[in-house]
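The values are calculated or read from the model by the stated rules, or taken from the named source; none is laboratory data. Since we're looking at a predicted model, the values are computed, not measured. Neighbour counts run over all protein chains shown; Cβ positions are idealised from the backbone, glycine included. The protein model used for the area step is the full one, side chains on, heavy atoms only, and it has no ligands, DNA or RNA in it. Shrake-Rupley method; radii C 1.70, N 1.55, O 1.52, S 1.80 Å.
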Amino acid sequence: MADTRSLLTGIALGVGATLAARDVLPLLAPLARPALKQGVKAAIIGYERGREMAALLAETLSDIAAEVQVELQTQRATDQAPVDVRIES
């Protein structure tokens, strides 16, 4: 019995919400366009900031990779340099 009552309550609420939405949506339509514009504007700004951050990150990683390559080349040159060993007797 409880399942039937909750099912009927759910159906009644769904029908009521549908009928109310039919009457309320035209009243909210003028508010929807500015809200949608604000949402799109925020998305575009977020996208642009994300691109800037990604470019900065790529530049930073590129700089670090270049520094590491220079350090490795310097280390290899130091390791491969001939050592002048003199034995005095």
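On full extension, the segment bounded by D79 and R33 gains 9.7 nm, given 0.36 nm per residue less the C-alpha separation.
Among the protein heavy atoms of the chain, carbon and sulfur supply 64% of the accessible surface, probe 1.4 Å, non-protein parts ignored. Between 0 and 90 degrees, the angle of helix 2-80 with respect to the longest Cα principal axis of the chain falls at about 0 degrees.
Two numbers describe the Cα atoms of the chain: Rg and Dmax, which are 34.9, 111 Å. Over the chain, dividing the summed -39,500 (n - 2.57) contributions of all DSSP H runs of at least 4 residues by the number of residues returns a 222 nm mean residue ellipticity of -34000 deg cm²/dmol. Placing unit charges on the Cβ atoms only, positive for Lys and Arg and negative for Asp and Glu, gives the chain a dipole magnitude near 1060 debye about its Cα centre.
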